[in-house]
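These notes concern the structure reproduced below.
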Amino acid sequence: MGIFGGDAQDQVDLDDLKTRVARLEVAVASLQAQSAAGAVPYGSAQVATPVAPAAAAAPGDVAWMGEVAALKAQGDKIHAIKLYRERTGLGLKEAKDAVEAMP
């Protein structure tokens, strides 16, 4: 049968693609929120592949960015980075760089 036609391997491939798309949507939503907040200059962002899609925010859900900004403003940068990592699935360095770049 054709691609995604119904055998077991096709279902595994389809599930893998869905997971990868979900990770990319989270990364794009995060970058859009950062860009809108002025944290990431256009064209300078480097996106790492998120490693924890289950813990990542739903695509388009960027309300948590306000909480990250509030934690940073309170001087609680460690918890801000931790929350950023949990929501995006990014690594420590990428999350630290993103939080430090926030206004």
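The values are calculated or read from the model by the stated rules, or taken from the named source; none is laboratory data. From a predicted model like this one, the values you see are computed outputs, not experimental measurements. Neighbour counts are summed over all protein chains in view; Cβ atoms, including those assigned to glycine, are modelled from backbone coordinates with ideal geometry.
Key figures for this structure:
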read-out	value
Any hit, the range 52-60, residues being aliphatic (A, V, I, L, M) and at pLDDT 65 or above	no
Qualifying residue in the range 22-34 (condition: part of a loop (DSSP other than H, G, I, E, B), under 10 Å from the mean Cα position of the chain (by Cα) and either polar (S, T, N, Q) or at pLDDT 85 or above (or both))	no
Pairs, first surrounded by 12 or more Cβ atoms within 10 Å (Cβ to Cβ) and of a type in the set (Gly, Ala, Ser) in the range 7-30, second part of a helix (DSSP H, G or I) and modelled with pLDDT of 75 or more, C-beta under 9 Å, six or more apart	Ala27/Thr88; Ala29/Thr88; Ser30/Met65; Ser30/Tyr84; Ser30/Arg87; Ser30/Thr88; Ser30/Ala98
